[in-house]
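**Q** The structure's right below; bear with me while I get my questions together.
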Amino acid sequence: MKSDYLVIDGKKFNSRLIMGTSLYPNLDVMNKSLKISETQIITVAIRRLNLSSKGFFLDQLNKDYYFLPNTAGCFTQKEAILTAELARETLQTNWIKLELISDKEMLLPDPIELFDTCKSLVKKNFRVFVYCSDDPILCKRLEDLGCEIVMPLVSPIGSGLGVRNEHNLEIIRRICSGKIFVDAGIGKPSDASRIMEMGFDGVLLNSSVARSLDPVNMANAMKLAVISGRLGYKSGIIERRNMASESTSFKGKISNF
Amino acid sequence: MKNLKNKYFINGKNFSCELKEPYLEDLIEIFLNKSILKEPKIAVAVNNQMIERCKWKKKKINFQDKIEIVAPFFGG
(Lines give C-alpha, C1' and ligand atoms only; values in the text may rest on other atoms or scores of the structure.)
Protein backbone atom coordinates (compact mmCIF):
# COMPACT_ATOMS: atom_id res chain seq x y z
CA MET A 1 0.00 0.00 0.00
CA LYS A 2 1.70 3.21 -1.10
CA SER A 3 1.94 6.32 1.08
CA ASP A 4 -0.79 5.65 3.59
CA TYR A 5 0.51 8.19 6.05
CA LEU A 6 -1.40 9.40 9.02
CA VAL A 7 -1.12 13.19 9.17
CA ILE A 8 -1.49 14.82 12.58
CA ASP A 9 -0.94 18.53 13.06
CA GLY A 10 0.88 18.66 9.73
CA LYS A 11 3.27 15.81 10.60
CA LYS A 12 3.36 12.50 8.76
CA PHE A 13 3.31 9.23 10.68
CA ASN A 14 3.77 5.69 9.42
CA SER A 15 2.28 4.12 12.52
CA ARG A 16 -1.41 4.32 13.38
CA LEU A 17 -0.87 2.94 16.85
CA ILE A 18 -0.47 5.27 19.82
CA MET A 19 0.88 3.54 22.92
CA GLY A 20 0.54 4.34 26.59
CA THR A 21 3.52 4.10 28.93
CA SER A 22 1.81 3.00 32.12
CA LEU A 23 1.53 -0.34 33.95
CA TYR A 24 4.50 -2.14 32.40
CA PRO A 25 6.26 -4.60 34.70
CA ASN A 26 9.54 -2.71 34.28
CA LEU A 27 11.30 -0.13 32.13
CA ASP A 28 13.10 -2.66 29.99
CA VAL A 29 9.85 -4.36 29.02
CA MET A 30 8.24 -0.99 28.36
CA ASN A 31 11.07 0.12 26.08
CA LYS A 32 11.09 -3.18 24.19
CA SER A 33 7.32 -3.11 23.80
CA LEU A 34 7.32 0.45 22.48
CA LYS A 35 10.11 -0.38 20.08
CA ILE A 36 8.54 -3.51 18.61
CA SER A 37 5.16 -1.77 18.29
CA GLU A 38 6.82 0.78 16.00
CA THR A 39 4.66 3.44 17.57
CA GLN A 40 5.80 7.01 17.01
CA ILE A 41 3.54 8.67 19.55
CA ILE A 42 3.35 7.77 23.23
CA THR A 43 1.13 9.10 25.97
CA VAL A 44 2.47 10.48 29.22
CA ALA A 45 0.86 11.83 32.36
CA ILE A 46 1.70 15.02 34.24
CA ARG A 47 2.35 14.36 37.90
CA ARG A 48 3.98 15.98 40.92
CA LEU A 49 7.75 15.71 40.75
CA ASN A 50 8.91 12.82 42.87
CA LEU A 51 12.25 13.73 44.41
CA SER A 52 12.82 10.21 45.70
CA SER A 53 12.52 8.50 42.31
CA LYS A 54 15.79 7.23 40.83
CA GLY A 55 15.65 8.74 37.37
CA PHE A 56 13.70 11.17 35.31
CA PHE A 57 10.96 9.46 33.29
CA LEU A 58 11.90 10.97 29.94
CA ASP A 59 15.55 9.97 30.42
CA GLN A 60 14.51 6.36 30.74
CA LEU A 61 13.06 6.09 27.26
CA ASN A 62 15.29 4.44 24.67
CA LYS A 63 14.13 6.36 21.66
CA ASP A 64 12.69 9.68 20.60
CA TYR A 65 8.92 9.74 20.40
CA TYR A 66 6.30 12.39 19.94
CA PHE A 67 4.72 12.94 23.33
CA LEU A 68 1.00 13.11 23.83
CA PRO A 69 0.48 14.33 27.40
CA ASN A 70 -2.82 13.47 29.01
CA THR A 71 -5.06 14.96 31.63
CA ALA A 72 -5.69 11.61 33.32
CA GLY A 73 -7.43 11.86 36.65
CA CYS A 74 -9.01 15.27 36.02
CA PHE A 75 -12.63 15.71 37.03
CA THR A 76 -13.14 19.40 36.29
CA GLN A 77 -12.48 21.88 33.54
CA LYS A 78 -10.16 23.87 35.81
CA GLU A 79 -8.03 20.82 36.63
CA ALA A 80 -7.85 19.76 32.98
CA ILE A 81 -6.89 23.19 31.67
CA LEU A 82 -4.18 23.67 34.29
CA THR A 83 -2.81 20.19 33.55
CA ALA A 84 -2.82 20.94 29.82
CA GLU A 85 -0.98 24.21 30.39
CA LEU A 86 1.61 22.51 32.59
CA ALA A 87 2.04 19.80 29.95
CA ARG A 88 2.59 22.40 27.25
CA GLU A 89 5.16 24.16 29.39
CA THR A 90 7.13 21.05 30.29
CA LEU A 91 6.98 19.20 26.96
CA GLN A 92 6.78 22.18 24.61
CA THR A 93 3.85 20.68 22.72
CA ASN A 94 0.36 21.91 21.96
CA TRP A 95 -0.91 18.36 21.89
CA ILE A 96 -3.13 17.26 24.73
CA LYS A 97 -5.07 14.08 25.25
CA LEU A 98 -8.09 15.38 27.09
CA GLU A 99 -9.44 12.96 29.66
CA LEU A 100 -12.15 14.33 31.87
CA ILE A 101 -13.79 11.64 33.90
CA SER A 102 -16.94 11.62 35.98
CA ASP A 103 -16.15 8.90 38.50
CA LYS A 104 -13.31 6.72 39.77
CA GLU A 105 -15.08 3.40 39.37
CA MET A 106 -15.96 3.38 35.67
CA LEU A 107 -13.64 6.22 34.58
CA LEU A 108 -16.27 7.22 32.06
CA PRO A 109 -15.90 10.63 30.40
CA ASP A 110 -18.17 13.44 31.59
CA PRO A 111 -19.58 14.61 28.25
CA ILE A 112 -20.87 18.00 29.41
CA GLU A 113 -17.72 19.09 31.24
CA LEU A 114 -15.70 17.62 28.37
CA PHE A 115 -17.42 19.67 25.69
CA ASP A 116 -16.91 22.97 27.49
CA THR A 117 -13.30 22.10 28.26
CA CYS A 118 -12.60 21.24 24.63
CA LYS A 119 -13.96 24.61 23.61
CA SER A 120 -11.62 26.39 26.03
CA LEU A 121 -8.58 24.33 25.04
CA VAL A 122 -9.15 24.86 21.31
CA LYS A 123 -9.39 28.61 22.00
CA LYS A 124 -6.06 28.39 23.82
CA ASN A 125 -4.50 26.85 20.68
CA PHE A 126 -4.19 23.31 21.96
CA ARG A 127 -4.42 20.40 19.55
CA VAL A 128 -6.97 18.37 21.40
CA PHE A 129 -7.10 14.57 21.21
CA VAL A 130 -10.33 14.05 23.05
CA TYR A 131 -11.21 10.83 24.87
CA CYS A 132 -14.99 10.61 24.85
CA SER A 133 -17.92 8.24 25.01
CA ASP A 134 -19.10 6.45 21.88
CA ASP A 135 -22.03 8.78 21.32
CA PRO A 136 -22.13 9.69 17.62
CA ILE A 137 -23.62 13.15 18.14
CA LEU A 138 -21.11 14.04 20.83
CA CYS A 139 -18.27 12.85 18.60
CA LYS A 140 -19.55 14.96 15.72
CA ARG A 141 -19.94 18.02 17.96
CA LEU A 142 -16.41 17.59 19.28
CA GLU A 143 -15.09 17.28 15.76
CA ASP A 144 -16.95 20.43 14.74
CA LEU A 145 -15.39 22.27 17.69
CA GLY A 146 -12.00 21.75 16.08
CA CYS A 147 -10.54 18.83 18.01
CA GLU A 148 -7.51 17.34 16.29
CA ILE A 149 -8.63 13.76 16.88
CA VAL A 150 -11.86 12.47 18.40
CA MET A 151 -11.23 9.28 20.36
CA PRO A 152 -14.32 7.40 21.51
CA LEU A 153 -13.96 4.51 23.92
CA VAL A 154 -15.10 1.04 22.92
CA SER A 155 -15.52 0.02 26.56
CA PRO A 156 -14.25 1.37 29.91
CA ILE A 157 -10.54 2.12 30.39
CA GLY A 158 -8.53 -0.97 31.23
CA SER A 159 -11.56 -3.26 31.01
CA GLY A 160 -10.35 -5.20 27.99
CA LEU A 161 -13.99 -5.75 27.07
CA GLY A 162 -13.40 -4.81 23.46
CA VAL A 163 -16.03 -3.38 21.12
CA ARG A 164 -19.37 -3.19 22.96
CA ASN A 165 -21.35 -1.06 20.55
CA GLU A 166 -20.26 -1.64 16.99
CA HIS A 167 -23.32 0.08 15.60
CA ASN A 168 -22.45 3.37 17.32
CA LEU A 169 -18.90 3.12 16.03
CA GLU A 170 -20.19 2.62 12.49
CA ILE A 171 -22.34 5.73 12.80
CA ILE A 172 -19.43 7.73 14.25
CA ARG A 173 -17.22 6.71 11.35
CA ARG A 174 -19.95 7.60 8.88
CA ILE A 175 -20.79 11.06 10.22
CA CYS A 176 -17.32 12.24 11.26
CA SER A 177 -15.13 13.15 8.34
CA GLY A 178 -12.02 13.95 10.38
CA LYS A 179 -9.58 11.71 12.17
CA ILE A 180 -11.16 9.25 14.57
CA PHE A 181 -9.14 6.95 16.82
CA VAL A 182 -10.43 4.48 19.30
CA ASP A 183 -9.16 4.90 22.83
CA ALA A 184 -9.79 2.58 25.76
CA GLY A 185 -11.31 -0.83 26.11
CA ILE A 186 -9.22 -2.77 23.62
CA GLY A 187 -8.59 -6.28 24.96
CA LYS A 188 -7.13 -8.34 22.17
CA PRO A 189 -5.52 -7.83 18.77
CA SER A 190 -8.71 -8.76 16.94
CA ASP A 191 -10.44 -5.77 18.61
CA ALA A 192 -7.82 -3.45 17.12
CA SER A 193 -8.05 -5.11 13.73
CA ARG A 194 -11.86 -4.92 13.72
CA ILE A 195 -11.78 -1.21 14.49
CA MET A 196 -9.29 -0.52 11.73
CA GLU A 197 -11.37 -2.57 9.29
CA MET A 198 -14.26 -0.20 10.07
CA GLY A 199 -12.20 2.69 8.74
CA PHE A 200 -11.00 4.26 11.95
CA ASP A 201 -7.74 6.18 11.59
CA GLY A 202 -5.92 4.55 14.45
CA VAL A 203 -5.92 2.96 17.87
CA LEU A 204 -4.64 4.15 21.22
CA LEU A 205 -4.01 1.45 23.79
CA ASN A 206 -2.06 0.68 26.93
CA SER A 207 -3.47 -1.91 29.35
CA SER A 208 -4.01 -4.64 26.76
CA VAL A 209 -0.26 -4.67 26.11
CA ALA A 210 1.23 -3.66 29.46
CA ARG A 211 -0.90 -6.04 31.54
CA SER A 212 -0.60 -9.02 29.21
CA LEU A 213 1.59 -11.98 30.16
CA ASP A 214 4.08 -11.07 27.45
CA PRO A 215 3.87 -7.34 26.70
CA VAL A 216 6.59 -7.38 24.04
CA ASN A 217 4.86 -10.04 21.95
CA MET A 218 1.46 -8.46 22.56
CA ALA A 219 2.81 -5.09 21.37
CA ASN A 220 3.94 -6.81 18.19
CA ALA A 221 0.56 -8.48 17.81
CA MET A 222 -1.23 -5.14 18.22
CA LYS A 223 1.02 -3.52 15.63
CA LEU A 224 0.25 -6.30 13.14
CA ALA A 225 -3.47 -6.15 13.96
CA VAL A 226 -3.60 -2.43 13.25
CA ILE A 227 -1.70 -2.86 9.98
CA SER A 228 -3.85 -5.84 8.98
CA GLY A 229 -7.12 -4.03 9.72
CA ARG A 230 -6.00 -0.94 7.87
CA LEU A 231 -4.91 -2.98 4.82
CA GLY A 232 -8.25 -4.76 4.83
CA TYR A 233 -10.18 -1.50 5.01
CA LYS A 234 -8.15 0.13 2.26
CA SER A 235 -8.53 -2.93 0.06
CA GLY A 236 -12.32 -2.69 0.04
CA ILE A 237 -14.03 -5.30 2.17
CA ILE A 238 -16.82 -7.14 0.33
CA GLU A 239 -20.43 -6.44 1.19
CA ARG A 240 -22.19 -8.84 3.50
CA ARG A 241 -24.99 -10.92 2.02
CA ASN A 242 -27.62 -13.04 3.67
CA MET A 243 -27.40 -15.71 0.98
CA ALA A 244 -24.49 -17.67 -0.42
CA SER A 245 -22.66 -16.52 -3.49
CA GLU A 246 -20.67 -19.22 -5.21
CA SER A 247 -16.96 -18.73 -5.60
CA THR A 248 -16.63 -21.59 -8.08
CA SER A 249 -18.87 -21.25 -11.09
CA PHE A 250 -21.44 -23.95 -11.82
CA LYS A 251 -20.67 -23.48 -15.50
CA GLY A 252 -18.98 -26.53 -17.03
CA LYS A 253 -19.82 -28.78 -14.12
CA ILE A 254 -20.51 -32.39 -15.11
CA SER A 255 -24.25 -33.02 -15.41
CA ASN A 256 -26.36 -33.75 -12.39
CA PHE A 257 -27.02 -37.44 -11.90
CA MET B 1 17.29 34.47 68.89
CA LYS B 2 14.83 32.03 67.42
CA ASN B 3 15.33 31.38 63.69
CA LEU B 4 11.97 31.69 61.96
CA LYS B 5 11.64 29.89 58.66
CA ASN B 6 9.09 30.77 56.03
CA LYS B 7 6.40 28.22 55.33
CA TYR B 8 5.22 27.25 51.86
CA PHE B 9 3.01 24.51 50.54
CA ILE B 10 4.75 22.52 47.80
CA ASN B 11 3.30 19.45 46.09
CA GLY B 12 0.73 18.99 48.80
CA LYS B 13 3.15 19.20 51.72
CA ASN B 14 4.43 21.91 54.01
CA PHE B 15 7.88 23.10 53.12
CA SER B 16 9.94 25.46 55.26
CA CYS B 17 13.02 27.34 54.25
CA GLU B 18 14.82 30.60 54.80
CA LEU B 19 14.53 33.09 51.99
CA LYS B 20 15.12 36.78 52.45
CA GLU B 21 13.39 37.61 49.20
CA PRO B 22 10.92 34.86 48.36
CA TYR B 23 11.05 34.48 44.60
CA LEU B 24 9.76 31.37 42.85
CA GLU B 25 13.00 30.38 41.13
CA ASP B 26 14.97 30.44 44.38
CA LEU B 27 12.30 28.48 46.18
CA ILE B 28 12.25 25.81 43.45
CA GLU B 29 16.03 25.47 43.58
CA ILE B 30 15.97 25.04 47.34
CA PHE B 31 13.20 22.49 47.05
CA LEU B 32 15.00 20.54 44.32
CA ASN B 33 18.36 21.02 45.98
CA LYS B 34 19.85 21.79 42.57
CA SER B 35 19.85 24.36 39.82
CA ILE B 36 16.70 24.57 37.72
CA LEU B 37 18.98 24.25 34.70
CA LYS B 38 19.37 20.60 35.66
CA GLU B 39 15.61 20.05 35.53
CA PRO B 40 14.54 21.30 32.10
CA LYS B 41 11.35 19.25 32.00
CA ILE B 42 9.47 20.59 34.97
CA ALA B 43 6.56 22.97 35.05
CA VAL B 44 5.19 24.98 37.93
CA ALA B 45 1.85 26.32 39.06
CA VAL B 46 1.26 28.77 41.88
CA ASN B 47 -2.23 28.85 43.37
CA ASN B 48 -3.57 26.86 40.42
CA GLN B 49 -2.04 29.16 37.81
CA MET B 50 0.71 27.97 35.52
CA ILE B 51 3.77 30.19 35.70
CA GLU B 52 5.94 30.25 32.60
CA ARG B 53 9.53 29.30 33.21
CA CYS B 54 10.78 32.68 32.04
CA LYS B 55 8.77 34.36 34.82
CA TRP B 56 10.03 32.26 37.73
CA LYS B 57 12.84 34.65 38.53
CA LYS B 58 10.55 37.62 39.09
CA LYS B 59 7.55 35.81 40.54
CA LYS B 60 7.25 36.75 44.20
CA ILE B 61 5.90 34.07 46.51
CA ASN B 62 3.72 34.74 49.51
CA PHE B 63 3.59 32.60 52.62
CA GLN B 64 1.17 29.72 52.34
CA ASP B 65 1.08 29.96 48.56
CA LYS B 66 0.18 26.62 47.02
CA ILE B 67 2.95 25.54 44.66
CA GLU B 68 2.85 22.55 42.34
CA ILE B 69 6.03 21.31 40.65
CA VAL B 70 5.26 18.69 38.03
CA ALA B 71 6.99 16.57 35.41
CA PRO B 72 6.02 14.00 32.77
CA PHE B 73 5.35 10.56 34.14
CA PHE B 74 4.18 7.13 32.95
CA GLY B 75 0.64 7.43 31.67
CA GLY B 76 -1.88 5.84 29.36
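**Q** Only one of these is within 21 Å of A:SER159 (Cα to Cα), in a loop (DSSP other than H, G, I, E, B) and in contact with a helix residue (DSSP H, G or I) (Cβ under 8 Å, 6 or more places away or on another chain): A:GLY187, A:GLY178, A:GLY199. Name it. Outline the logic, then answer.
**A** Details: A:GLY178 fails: within 21 Å of A:SER159 (Cα to Cα); A:GLY199 fails: within 21 Å of A:SER159 (Cα to Cα).
Only one candidate passes the filter, namely A:GLY187.
**Q** Can you pull out the residues in region A:82-139 that are among the small types (Gly, Ala, Ser) and either more than 19 Å from A:ARG48 (Cα to Cα) or surrounded by fewer than 23 Cβ atoms within 10 Å (Cβ to Cβ) (or both)? Explain how you work it out, then say what you get.
**A** Here is the first cut: in region A:82-139, the ones among the small types (Gly, Ala, Ser) are A:84, A:87, A:102, A:120, A:133.
Within region A:82-139, A:SER102, A:SER120, A:SER133 meet the criteria.
**Q** Can you confirm whether A:ASP103 is of a type in the set (Asp, Glu) and within 12 Å of chain B (Cβ to nearest Cβ)?
**A** On the way: of a type in the set (Asp, Glu): yes; within 12 Å of chain B (Cβ to nearest Cβ): no.
It is false that A:ASP103 is of a type in the set (Asp, Glu) and within 12 Å of chain B (Cβ to nearest Cβ).
**Q** I'm checking my understanding of the structure. Among residues of region A:1-44 that are farther than 24 Å from A:THR93 by Cα and acidic (Asp, Glu), which one is farthest from the other protein chains (Cβ to nearest Cβ)?
**A** A:ASP4
**Q** Here is a check on your reading of the model: is A:PHE200 within 21 Å of A:ILE101 (Cα to Cα), of a type in the set (Phe, Trp, Tyr) and either buried (at least 17 other Cβ atoms within 10 Å of the Cβ) or modelled with pLDDT of 95 or more (or both)?
**A** Numbers: within 21 Å of A:ILE101 (Cα to Cα): no; of a type in the set (Phe, Trp, Tyr): yes; either buried (at least 17 other Cβ atoms within 10 Å of the Cβ) or modelled with pLDDT of 95 or more (or both): yes.
Criteria not met by A:PHE200.
Here's the yes/no breakdown for (1) modelled with pLDDT of 95 or more; (2) of a type in the set (S, T, N, Q):
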site: A:ASN14; (1), (2): yes, yes
site: A:PRO25; (1), (2): yes, no
site: A:LYS35; (1), (2): yes, no
site: A:GLU38; (1), (2): yes, no
site: A:GLY55; (1), (2): no, no
site: A:LEU61; (1), (2): no, no
site: A:CYS74; (1), (2): yes, no
site: A:ASP103; (1), (2): no, no
site: A:LEU107; (1), (2): no, no
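**Q** Kindly provide the set of residues from region B:23-76 that are of a type in the set (A, V, I, L, M), more than 9 Å from chain A (Cβ to nearest Cβ) and in contact (Cβ under 8 Å) with a residue 12 or more places away in the chain, ordered by number. Steps first, answer last, please.
**A** Residues of region B:23-76 that are of a type in the set (A, V, I, L, M), as a first pass: B:24, B:27-28, B:30, B:32, B:36-37, B:42-46, B:50-51, B:61, B:67, B:69-71.
When the remaining residues are screened for being more than 9 Å from chain A (Cβ to nearest Cβ), the result is B:24, B:27-28, B:30, B:36-37, B:46, B:61, B:67.
Residues satisfying the conditions are B:LEU24, B:LEU27, B:ILE28, B:ILE30, B:ILE36, B:VAL46, B:ILE61, B:ILE67.
**Q** If we keep just the residues of region A:203-257 that are aromatic (Phe, Trp, Tyr) and over 30 Å from A:ALA184 (Cβ atoms), which is surrounded by the most Cβ atoms within 10 Å (Cβ to Cβ)? Spell out the reasoning first.
**A** We begin by selecting, within region A:203-257, every residue aromatic (Phe, Trp, Tyr); these are A:233, A:250, A:257.
Pick out the ones that are also over 30 Å from A:ALA184 (Cβ atoms) and you get A:250, A:257.
On the way: A:PHE250: 6, A:PHE257: 3.
Looking at residues that are aromatic (Phe, Trp, Tyr) and over 30 Å from A:ALA184 (Cβ atoms), I get A:PHE250.
**Q** Would you mention how many residues in region A:6-19 are surrounded by 11 or more Cβ atoms within 10 Å (Cβ to Cβ) and over 25 Å from A:GLY187 (Cα atoms)?
**A** Summing the residues that are surrounded by 11 or more Cβ atoms within 10 Å (Cβ to Cβ) and over 25 Å from A:GLY187 (Cα atoms) in region A:6-19 gives 3.
**Q** Can you pull out the residues in region A:228-251 that are among the hydrophobic types (A, V, I, L, M, F, W, C) and either touching a residue at least 60 places away in the same chain (Cβ under 8 Å) or farther than 14 Å from A:ARG194 by Cβ (or both)? Give the derivation first.
**A** Initial filter on region A:228-251 (among the hydrophobic types (A, V, I, L, M, F, W, C)): A:231, A:237-238, A:243-244, A:250.
Within region A:228-251, A:LEU231, A:ILE238, A:MET243, A:ALA244, A:PHE250 meet the criteria.
**Q** How many residues does region A:20-34 contain that are out of contact with any Pro (no Cβ under 7 Å at 6 or more places or on another chain), surrounded by 16 or more Cβ atoms within 10 Å (Cβ to Cβ) and farther than 11 Å from A:LEU61 by Cα?
**A** 3
The values are calculated or read from the model by the stated rules, or taken from the named source; none is laboratory data. In this text the structure is predicted, and so the values were computed from the model without any measurement. For neighbour counting, all protein chains shown are included, and Cβ atoms are generated from backbone atoms with ideal geometry for every residue, glycine included.
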